[in-house]
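Notes for the one structure printed next.
Where a number appears in this text, it was derived from the coordinates with a stated rule and is not lab data. Worth saying up front: this structure is predicted, and the values here are computed from it rather than measured. In this analysis, Cβ positions are derived from the backbone assuming ideal geometry, glycine residues included, and neighbour counts consider all displayed protein chains.
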Amino acid sequence: MTAPRLLLISDASVLPIERLAALVERLAGALAPGAAAVYLREPRLSAREQLAAARTLVRAGGAAVPVFVRRRFDLALAAGAAGVHLQADGLPPAEVRAPAPGLRLGYSAHALDELARVAAEVDYLTFSPVFATPGKGPARGLEALRAACAAAAGRPVLALGGILAPAQARAAREAGAWGVATIRGVLAAPDPLAAALDLLAALDPLPGDGSSGA
């Protein structure tokens, strides 16, 4: 299965889980399977609440819109999610592959050496912040994204940080990104479904693109 072109990152303060699930259900009916995925990132929720949220999203997306759970492979397994999204200060990929070989692994990378070190062990990576985004430090820019995609050695890289419009998504693709990840670009839009579809349209494969995903 290829990596998603569009990864929607949850934020219940922007769009409640119930409304996100409704959006996911609509995307599941409108897109090719796997074109979009959801990263359940709700660190303020208890484990029980995260499990309930994950199950809600899995029911909404089915096989068409995979769900990735932040850090917790046990919750991902219990919810029937597609995978886990890992971070530098959490479990290393090998420690998740061993007990949960059927889960797909994503990883949040913020530096080139970090990205290069783990790329072969995961199914996709996010690299951030590419564009300016509140509270995330200086934007890395498109040249850093280009270098990150080269360092990933064929693993799909999703540009994250300040992806608010189709033009930014297209610029990320032209810099070598497989796709993009976003919160506000979809969840805070007046019409989240239209915003998601517009970003995906901007992420259509480039002429001569030989990427195959992971």
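Name the residue farthest towards the positive end of the dipole of the range 6-202 from the options Leu158, Gly141, Leu23, assuming +1 on Cβ of Lys and Arg, -1 on Cβ of Asp and Glu, about the Cα centre. With unit charges placed on the Cβ atoms, the residue in question is Leu23. DSSP assigns beta bridges within the range 92-214; of those with both partners inside it, close to 0 percent run antiparallel. For the range 3-47, the C-alpha radius of gyration divided by 2.2 N^0.38 Å, with N the number of residues, is 1.20. When Val186, Val122 are sorted by how many other C-beta atoms sit within 10 angstrom of their C-beta, beginning with the fewest, the order is Val122, Val186. Students often get this wrong, so try it: which of (i) 0.93; (ii) 0.95; (iii) 1.00 is Rg/Rh (Cα atoms, Kirkwood Rh) as calculated from the structure shown? Only one option fits the structure, namely (i). Taken about its Cα centre, the range 97-214 carries a charge dipole of about 220 debye when Lys and Arg each add +1 at the Cβ and Asp and Glu each add -1 at the Cβ.
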